[in-house]
Amino acid sequence: MPRLFFAALAIAAALATALPLHALTLELQSILGRDRVRLKIDGATAELVRDRFHDDGLLLTGVREGRAEVLLAGRTWTLPLGEVVIVDTSTPPGLPTHQIRADNKNRYLTQALINGGAVQAEIDRNVGAIIIAASDADRLNLPYKDKPSRSHRAPRQTVTEVKDGRQVKTVIEPKDKDGKPLMYKDYRLEVNSIRVGNVDLYGFTVTVSEKPGQTTVLGRDFLRRASPTWSNRVLTLTRR
């Protein structure tokens with residue numbers, strides 16, 4: 001009996017030393033559709049939806065018969081149904097990282113350098129594209145006016161007023177100086193680099209938007225390359 005006990009301890013120790021110091025254990029439990037799966041992540045069950053980041057940095061990128069593909073720690077991993085996959089998520093020494101704490105509105109606001117020019121940006125995993133406000137693009141002298149563009153109608157605005165002690169909402173459709181629906185344009189532009197803190201990445205297609213009230217947002221097109229994780233309202237970016 002003692003021999004079996006010490007043998008079990010030896011096996012457990014060997015397994016512990018073989019595993020990476022920082023790792024995620026992933027098990028694909030079920031496929032819920034073309035865009036949704038159920039996983040076990042370190043023993044906890046979670047549902048992943050395509051193109052929506054999980055706090056651990058997992059991004060579901062594809063679902064095929066009997067398996068799912070996820071982006072994690074800068075690599076694409078294939079998860080066969082019912083099998084356990086251990087992913088090394090440790091950060092090797094020397095890799096540039098940067099942390100951003102959420103504000104009181106749960107926004108991750110940071111200064112970013114776009115082609116070397118400084119802008120105030122929000123990093124938002126719920127937005128797909130990288131969007132640069134036209135005012136920021138003009139200040140940075142980004143040449144977007146001659147690029148391919150699309151026209152859009154400005155979204156309606158809801159104004160809330162208090163009348164006779166009750167809230168009254170009024171929907172207003174923005175108009176131009178001629179009384180016609182207000183239109184704006186989005187432009188597609190290539191930029192050489194985007195830098196946030198120590199994390200600098202290269203070669204992006206971005207959208208420059210003239211939409212009224214638009215701010216600069218770094219969405220999933222940026223995050224896919226920045227190996228993000230979210231924990232205790234802190235976003236960590238890593239250039240791998």
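Worth a mention:
- Subset tally (residues that are at pLDDT 75 or above and either of a type in the set (G, A, S) or under 11 Å from L60 (Cβ atoms) (or both)) for the range 14-31: 4
- Subset of the range 88-125 [assigned to a loop (DSSP other than H, G, I, E, B), closer than 30 Å to T78 by Cα and in contact (Cβ under 8 Å) with a residue 60 or more places away in the chain]: T89, S90, T91, L95, P96, D124, R125
- Among (1) part of a loop (DSSP other than H, G, I, E, B); (2) surrounded by 15 or more Cβ atoms within 10 Å (Cβ to Cβ); (3) in the same structural domain as S231 (by TED's automatic domain parsing) - the single one I132 does not satisfy: (1)
- In the set (1) surrounded by 11 or more Cβ atoms within 10 Å (Cβ to Cβ); (2) within 22 Å of Q120 (Cβ to Cβ); (3) at pLDDT below 95, the condition left unmet by G213 is number (1).
- Qualifying residue in the range 181-194 (condition: loosely packed, with under 10 Cβ neighbours inside 10 Å, over 31 Å from the mean Cα position of the chain (by Cα) and without any contact (Cβ under 8 Å) to a residue 40 or more places away in the chain): no
- Residues of the range 178-216 satisfying the condition of being small (G, A, S) and not in a loop (DSSP other than H, G, I, E, B): S193, G203, S209
- Near pairs, Cβ below 6 angstrom, 6+ apart or cross-chain, from the range 24-53 (within 23 Å of N126 (Cα to Cα)) to any residue that is part of a strand (DSSP E or B) and among the hydroxyl-bearing types (S, T, Y): R38/S30
- Matching option when the condition is modelled with pLDDT of 95 or more and farther than 30 Å from Y202 by Cβ, among P174, P155, P80, P143: P80
- Scanning the range 40-61 for residues that are of a type in the set (D, E) and either closer than 14 Å to W77 by Cα or buried (at least 16 other Cβ atoms within 10 Å of the Cβ) (or both) yields a single hit, D56.
- Condition met for D221 (modelled with pLDDT of 95 or more and either buried (at least 20 other Cβ atoms within 10 Å of the Cβ) or not in a strand (DSSP E or B) (or both)): yes
- Here R195 clears all of (1) among the basic types (K, R); (2) touching a Leu at 6+ places or on another chain (Cβ under 7 Å); (3) closer than 21 Å to T89 by Cα except the condition numbered (3).
The values are calculated or read from the model by the stated rules, or taken from the named source; none is laboratory data. Since we're looking at a predicted model, the values are computed, not measured. With ideal geometry, Cβ positions are generated from the backbone for all residues, glycine too; neighbour counts draw on all protein chains shown.
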